[in-house]
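Participant: One structure, as structure tokens, below. Some questions next.
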Amino acid sequence: MRHLLLTLLLTPLLHAQASAHPDWTTPLPPFQIADNLYYVGSRDLAAYLITTPQGDILINSNLSSSPPLIRHAVEQLGFHWSDIKILLIGHAHSDHAGGSAQILRETHAKYMVMDADVPTVQSGGATDLLYPKDRYPSAHVDRVLHDLDTVTLGGVILTAHKTPGHTPGCTTWTFTTHQHGVAKQVVIVGGATTIDYRLASTPGHPATTPTIAADFQHTFDILHALPCDIFLGAHGIYFDMLAKLARANPAHPEAVWDDPASYRAAIGHFEQAYLTTLHKQQAGGPPIRRVPHP
């Protein structure tokens, strides 16, 4: 995971330009992670399908151009687009919520979003703290979620953990699935990077919000406490997805995702990157720009 920390700290970020991030729009063959959990995103923008006897749940709609890619992945797996009954997101940036309006229109799913991100998705990104120019089609929210609310469908229960900082309503999703009859705890991290936020107030440089640093620290406290067997996230690079796919055993490909150690390591690296930025800004330095985590 050392390369991830270096990426977080040292590489300049060009935000919200998909052309600068080809893995955001490059298709990836969909794959099964656990009994009822599938990856249906691109090579880096993650989307997850959770299937149940009463319909399916989709997490993340990605870019406004992403719905055809996600739909193709869902149908490649043999599932029906119209069976998606609930749409969730990890956070309200344009690369994770931009396709929501189209998906809702095509599937008639119910859209459920964490309270503090509702204004952003319903304004089409116009109220985003950092990127109000990264606009996308606005979408109506059917259910406003709050910290530790649950979303239930067909016997599957997901818990919405409010993990603010990356966005005010950034959401980490947890639930229990199975691999070959063995229960596994899934954690889907909504976002944990500080991007271009001003975390500390110094003369002439006010913090982005009065609580931004406390929000991030609260998030890391939550993430450290979560039990995790299967670690996933809003971007494939969060959990070394492509590298894990490359080393998966063809006889038991799902086993590569049962990796609690990588979760602990990643959260530690994300927190260290946050602390490095915070200390630099407290000393009067600028934000540290990052890629590819908007």
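Participant: Ordered by residue, what ³J(HN,Hα) values in Hz, to whole numbers, does region 273-282 give under the Karplus form 6.51 cos²θ - 1.76 cosθ + 1.60, where θ = phi - 60° and Gly and Pro are x?
Facilitator: Along region 273-282, the couplings run 5, 4, 5, 4, 5, 4, 5, 5, 5, 4 Hz.
Participant: Based on the Cβ-Cβ distance from Ala246 to Thr211, what FRET efficiency comes out when R0 is 30 Å, to the nearest 0.05?
Facilitator: Approximately 0.15, to the nearest 0.05.
Participant: While we're on this one: Taking only Cα atoms and a 10 Å spring cutoff, compute GNM fluctuations for the chain and point out the largest among His235, His93, His180.
Facilitator: Its mean-square fluctuation being the largest, the pick is His180.
Participant: Which value in nm describes the separation of the simple spin-label points at Asp23 and Ser262, placed 7 Å from the Cα toward the beta carbon?
Facilitator: Each label point is offset 7 Å from its Cα along the Cβ direction, giving 1.2 nm.
Participant: So what J values fall out for region 141-157 if you push phi through Karplus, 6.51 cos²θ - 1.76 cosθ + 1.60 with θ = phi - 60°, rounded to Hz, Gly and Pro as x?
Facilitator: Taking θ as phi minus 60°, the curve returns 9, 7, 9, 8, 8, 10, 3, 6, 4, 10, 10, 10, 7, x, x, 8, 10 Hz for region 141-157.
Participant: Going by amide H atoms built from the backbone, whose H comes under 5 Å of the H on Gly165, apart from near neighbours?
Facilitator: Distant-sequence amide H within range of Gly165: Cys170.
Participant: Show me the ranking of peptides 37-47, 265-275, 191-201, 242-252 by mean Cβ neighbours inside 10 Å, starting with the highest.
Facilitator: Listed from highest to lowest mean packing, they are 37-47, 191-201, 265-275, 242-252.
Participant: Where is the GNM fluctuation largest for the chain (alpha-carbon springs, 10 angstrom cutoff): Leu63, Leu232, Leu129?
Facilitator: Leu129
Participant: Under 5 Å between amide H atoms, partner at least 5 residues away or on a different chain: which partners does Gly41 have, H built in plane at 1.01 Å?
Facilitator: So Gly41 has HN proximity to Ala47.
Participant: Please compute the length gained on full extension between Thr202 and Thr276, using 0.36 nm multiplied by the number of residues separating them and subtracting their Cα-Cα distance.
Facilitator: Details: separation 74, 0.36 × 74 = 26.64 nm, distance 1.60 nm.
Contour length minus Cα-Cα distance gives 25.0 nm.
Participant: Using only Cα atoms, tell me the angle between helix 212-225 and the longest principal axis of the chain; keep it within 0 to 90° and round to the nearest 10.
Facilitator: Tilt of helix 212-225: around 40 degrees.
Participant: From the phi angles alone, apply the Karplus equation (6.51, -1.76, 1.60; θ = phi - 60°) to region 229-235 and give each ³J(HN,Hα) in whole Hz, x where the residue is Gly or Pro.
Facilitator: Per-residue couplings from phi come out as 9, 10, 9, 9, x, 5, 10 Hz.
Participant: Give me the number: length gained by fully extending His178 to His218, i.e. 0.36 nm times residue separation minus the C-alpha to C-alpha distance, one decimal in nm.
Facilitator: 11.5 nm
Participant: Quick check: the distance between the Cα centres of region 155-217 and region 40-75, to the nearest angstrom?
Facilitator: One Cα centre to the other: 20 Å.
Every number here is computed from the coordinates shown, using simple stated rules; none is lab data. Values in this document were obtained by computation on a predicted structure and should not be read as measured data. Here Cβ is always computed from backbone atoms with ideal geometry, including for glycine, and neighbour counts include all displayed protein chains.
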